[in-house]
Amino acid sequence: MSLVSVVNMVYDQVPLATASGEAALSFYPWDTAGPSMALEQRADGDSGCFDVVVTALPVDDGAAAVSAFRYRATIAVRVWYARGTEYDRRLLQGAIATDCAAIVARVANPNNWAAAEDLDALMPGGAPTTQVLHDGAAVLVTIPFTVIYYEG
Amino acid sequence: MASKHITGVRVALENQAAGFANVDSSTGIPSVSGLTFKALELDSGDIVPPGDPATVERTDARSDWYELPPEPDTIWSSGARVRRRTGSFTLRCPLRTIGSASAYATYADMPLHMLLQSSLSSWTPAAASDTVSSAVSATRFTPTTLGRWEPGQGIAYDLNGRREWSFVTDDPANVFHSPAFSASAATSATLRTAQTLFYRAGTDPGYSVCVELSGHNWQSYAYGCRVSQIKVAYPPSGAMVEMTVQAAFITDASASGVVAANPTRADGARAHFRGSYAVVTGTIGSTSPAELARTRVGLDEWTLTVDFTLTPVGHSDDIVGMANLEVSRVTASLDLLLSSPSTTYDSDLWAQTQRSVLIGLGPVGAGNGAAFYIPAAVEVADPLKRDLGGDTVRQRLSLRSGLWGLDDGAGADAGAPWDSPFRIALAL
């Protein structure tokens, strides 16, 4: 399995997580076929669009072998939230927290991806972070995951 | 120049050839002749040349302060002393199960299972699965094929997207099992059976193994091996099995040191605790066959340790100096760190309460997941003494395998794991 396959699988999993319904009705992928702009450059539209990015390239994870080693990499699901000027910040924060939990529960549950050949683990990679964009008009939430897989 | 970063381990059952330590009858020295090795999936960090030379320090009287060469404890062959080391080494393996049984047709073929069965008995069910003919209760079902179920063997059931585990306690017509599933096994549902590793006094463990440890320009063979400790922990990346392997005889073949092959990984998924259950029952009582209700517990950590006392059965026929390494005592320990303390367990030490404790691992699907089961766990620490090692107050249960006699083994097939005080189930 390649890291690209893992990223594609996560693209498939995230829309199956149940969004909070307050700030986002559903999660939908941003320009998977070839983005016209980066997600963080987006300035309008509905909340809930996301992408999946590789944040740390694969390193050897220490398995014994001649070749075909086990690798460890880090990816992140990034979810974009539009925050209109009238939007209640408390509700937005609550929605983000709920959505993070839903995405982590969906993506990290091995019952959802263990059939993927050569994927050993897809686990939470640390605390999600937020980035305020466009003078407060949008918030980008980054949810990291650690991937352990066999290349090949 | 040789890199130390390419290493490998292969395992062979010694019953394929001459038995324990595979001693060549014409030389009295172990050899790899007749052994078929399988490459083990494991972490490379612990793979080093194992063992210490078997020598005796000389205490002869001497005329000055000088050292005498230690006396090698070995035999002579072709005019030279035979190189001999003894000792133990550690292997860390991902816990991966058989999956679709393509890479390995049976658990008996899998090198991880070869190591586990070297000190445990292993029970193979008649088939990998069965369907429920009719639902009865959370602790009973009517099977389609009764002959696929024997007292003591593990059962895996996929319910609500999670893998649940239990163990058969009787099979008169319905199958009785304990602890309970979270709901009745539904009519027409598929239940998976499990390769069940266990110990029980009077039941011999499996075959000894030969282990080949290799790197660039070095290679060691350990003969007459059995595991002296199995330790299972759960890092978020999936369950790891750490095995300490005791060898009766270790020698080198470094001149031909190469890593022969990549490990052949089994088809199953790495076993994960996420998406499965840890289950504790009430007091086990005395009703046989047992059908105990379950309580799911949230755990921050758990560690399983199984210690085997290995006793050499001595003889002088060959360089190995023993006819077998016999398992003379076993203790299974399970330490649980409960996320939220429960007053239910506070008095277990003082009341000498025994409960069944089961750690289930997923994921769902054929040949995936595993379970560790102590049917009569004895508390050996005070659960009321809260654990303050984290930011929250938690409760630690320190459990040992106690006496279990609530499986009904009447009429069971020979070798079935009923009434065993500790079991490992590997899904089929």
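Readers should treat all values here as calculations from the given coordinates under stated rules, not as data from a laboratory. This structure is a prediction, so every number in the text was calculated from the model and none was measured. Positions of Cβ are backbone-derived with ideal geometry, glycine not excepted, and every protein chain shown enters the neighbour counts.
A few notes on this one:
- Between the alpha-carbon centres of region B:379-394 and region B:28-70 there is a gap of 43 Å.
- Evaluated at q = 0.10, 0.13, 0.16, 0.22 Å⁻¹: base-10 log I(q)/I(0), Debye formula over Cα of region A:30-152: -0.38, -0.61, -0.84, -1.26
- Hz values of 3J(HN,Hα) by residue in region B:314-325 - Karplus curve (6.51, -1.76, 1.60), Gly and Pro given as x: x, 6, 10, 5, 8, 5, 5, x, 8, 8, 5, 10
- For region B:1-78, trypsin sites (Lys or Arg not before Pro) are listed when DSSP marks them as loop and at most 13 other Cβ atoms sit within 10 Å of their Cβ; the list is B:Lys4, B:Arg58, B:Arg62.
- Mean Cα-pair separation over length for chain B, i.e. relative contact order, pairs under 8 Å, 6 or more apart, %: 20
- The convex hull around the C-alpha trace of chain B, projected and averaged over every direction, spans 25.6 square nanometres.
- Sparse-neighbour loop sites [GluC sites (Glu not before Pro); region B:28-67; at most 13 other C-beta within 10 Å; DSSP]: B:Glu57, B:Glu67
- Ascending count of other beta-carbon atoms within 10 Å, so fewest first, for B:His5, B:His216, B:His177: B:His5, B:His216, B:His177
- Spherically averaged projected area in nm², based on the convex hull that wraps the Cα atoms of region B:1-89: 9.8
- When the trypsin sites (Lys or Arg not before Pro) in region B:356-414 are filtered for DSSP coil states and for at most 12 other beta-carbon atoms within 10 Å of their beta-carbon, the remaining sites are B:Lys385.
- Relative intensity, log₁₀ I(q)/I(0), of the protein assembly as shown from a Debye sum that treats every alpha carbon as a point, q = 0.05, 0.06, 0.08, 0.13 Å⁻¹: -0.26, -0.37, -0.64, -1.32
- Going by neighbour counts of Cβ atoms within 10 Å, the residues A:Asp99, B:Asp46 line up, fewest first, as B:Asp46, A:Asp99.
- Sorting B:161-168, B:405-412, B:145-152 by average packing, meaning the other beta carbons within 10 Å per residue, from highest down gives B:161-168, B:145-152, B:405-412.
- The mean count of C-beta atoms from other chains within 10 Å of the C-beta of residues in B:163-174, rounded to a whole number, is 0.
- B:Thr251, B:Thr305 arranged by Cβ crowding within 10 Å, fewest neighbours leading: B:Thr305, B:Thr251
- Mean per-residue shielding of peptide B:204-211 is 0, counting Cβ atoms of other chains within 10 Å of each Cβ.
- Between B:Arg83 and B:Glu301, full extension at 0.36 nm per residue minus the direct alpha carbon distance yields a gain of 74.1 nm.
- With R₀ set to 41 Å, the beta-carbon distance separating B:Ser102 from B:His5 gives a calculated FRET efficiency near 0.90.
- Karplus (6.51, -1.76, 1.60) ³J(HN,Hα), θ = phi - 60°, over region A:97-106, in Hz, Gly and Pro reported as x: 4, 5, 5, 4, 4, 5, 5, 4, 4, 6
- Estimated inter-spin distance, B:Ser339 and B:Asp382, nm [label 7 Å along Cα→Cβ]: 2.8
- Remark: region A:37-48, residue by residue, has Karplus-estimated 3J(HN,Hα) of 7, 5, 4, 6, 8, 5, 10, 8, x, 6, 6, x Hz, where x stands for each Gly or Pro and the curve is 6.51 cos²θ - 1.76 cosθ + 1.60 at θ = phi - 60°.
- Within chain B, helix-based [θ] at 222 nm, where runs of 4 or more DSSP H residues each add -39,500 (n - 2.57), nearest 500: -500 deg cm²/dmol
- Amide H contacts under 5 Å for B:Trp218: B:Gly257, restricted to partners 5 or more places along the chain or on a different chain, H placed in the peptide plane at 1.01 Å from N.
- Under 5 Å, built H, 5+ apart or other chain: amide partners of B:Phe141: B:Val175
- For B:Thr169, distant residues with modelled amide H under 5 Å away: B:Gly152, B:Phe176, B:His177, B:Ser178
- Euclidean distance between Cα centres, region B:91-164 to region B:167-214, Å: 6
- Remark: relative contact order (region B:204-264) = 38 percent; criterion is Cα-Cα distance under 8 angstrom and separation of 6 or more residues.
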